[in-house]
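Contents: one structure, followed by commentary.
Laboratory data are not the source of any read-out in this text; all were calculated from the coordinates shown. None of these values were measured; they are calculated from a predicted model. Note that we place each Cβ from the backbone using ideal geometry, even for glycine, and neighbour counts take in every protein chain shown.
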Amino acid sequence: MDVIYKTPLARWARICEIFIPGYMFGKSWGMADEKTVDLFRAQFPAFFVDIAERIKMLVSIDSEAFKILFATTAGAIVGFAVLGVLAAVMHLVLGDRKYINSLRFTAVTLIPIAVLNGTLSHGVKTLVEKMNTQTAEALYKSAVVSPWSYFALNCIFYILGLWMFGRRTGVPRAKRKYVLAVGIAFLALYLGCGLMITPGEWSELLPKLQKSLAH
């Protein structure tokens, strides 16, 4: 008789498989402050950042630590909403499991894009810190050129993750092709909605940032 071992923390692990990637995915959209909000709107889809900013305005917090925590939570709320919609599309494509399992599948495979968002937001913060110590050419490279290498690398990881995790969780090969199609369409839509800073956006942002930081 086979003995099936079940860890008492299995349920919490399944919850964390959804919560942690979802939080990581959206938290960057809420990390802007008064000086960097325009830069965040250019780096990410502006309406995601705007929604997070409106959530942040609902509560007045004096503590800097709690302010950062609430800011990332505001972004995470938006991230969970996007994750839920993407999971619904994945659920229709998979068609062989409960929605909660499709949500876990979508969340786990979204980790490379969550890492991408974190890398880009960290890059924005670093860019502002070095604004007065670097040349305009170096700033342009940091803001416009270099992020594309992060985007390409993490997109490759995302596509590979969809295929391999689909294989691991028993998704038939024919369906995995549709899963990849959904993933690629998501990346194209995310990029089309305003991800990444364009040269035109940077030429308008640079004078504003320099003026803001000068004060």
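Of all residues in segment 102-137, which are closer than 19 Å to F19 by Cβ and without any contact (Cβ under 8 Å) to a residue 24 or more places away in the chain? Across segment 102-137, the qualifying residues are S102, T106.
Residues checked against (1) of a type outside the set (S, T, Y); (2) under 15 Å from A42 (Cα atoms); (3) within 17 Å of the chain's Cα centre (by Cα):
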site	(1), (2), (3)
Y140	no, yes, no
V145	yes, yes, no
G161	yes, no, yes
A174	yes, no, no
L189	yes, no, yes
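Can you work out which of the residues in segment 139-191 that are in a helix (DSSP H, G or I) and hydroxyl-bearing (S, T, Y) is farthest from A107 (Cα to Cα)?
Within segment 139-191, the match that is farthest from A107 (Cα to Cα) is Y140.
Taking the criterion of being part of a helix (DSSP H, G or I) and within 26 Å of L94 (Cβ to Cβ), the residues of segment 106-138 that qualify are T106, A107, V108, T109, I111, P112, I113, A114, V115, L116, N117. Among (1) surrounded by 12 or more Cβ atoms within 10 Å (Cβ to Cβ); (2) closer than 29 Å to L83 by Cα; (3) among the β-branched types (V, I, T), there is one condition V128 misses while meeting the rest; what is its number? Going through the list (1) surrounded by 12 or more Cβ atoms within 10 Å (Cβ to Cβ); (2) closer than 29 Å to L83 by Cα; (3) among the β-branched types (V, I, T), V128 breaks only (2).
Within segment 49-63, the set of residues being out of contact with any Lys or Arg (no Cβ under 8 Å at 6 or more places or on another chain) and either touching a residue at least 40 places away in the same chain (Cβ under 8 Å) or under 20 Å from L39 (Cβ atoms) (or both) comprises I51, A52, E53, R54, I55, K56, M57.
Of all the criteria given as (1) closer than 23 Å to L110 by Cβ; (2) exposed (fewer than 14 other Cβ atoms within 10 Å of the Cβ), the one not satisfied by A46 is (2). Output yes when any residue across segment 195-203 is among the polar types (S, T, N, Q) and not in a helix (DSSP H, G or I), and no when none is. Yes, the conditions are met somewhere in segment 195-203. Where helices (runs of 4 or more DSSP H) fall entirely within segment 1-94, those with at least 1 residues that are of a type in the set (D, E, K, R) and closer than 30 Å to Y140 by Cβ are at 10-27, 37-43, 46-56. If the condition is being charged (D, E, K, R) and touching a residue at least 40 places away in the same chain (Cβ under 8 Å), then segment 183-215 contributes E201, K208.
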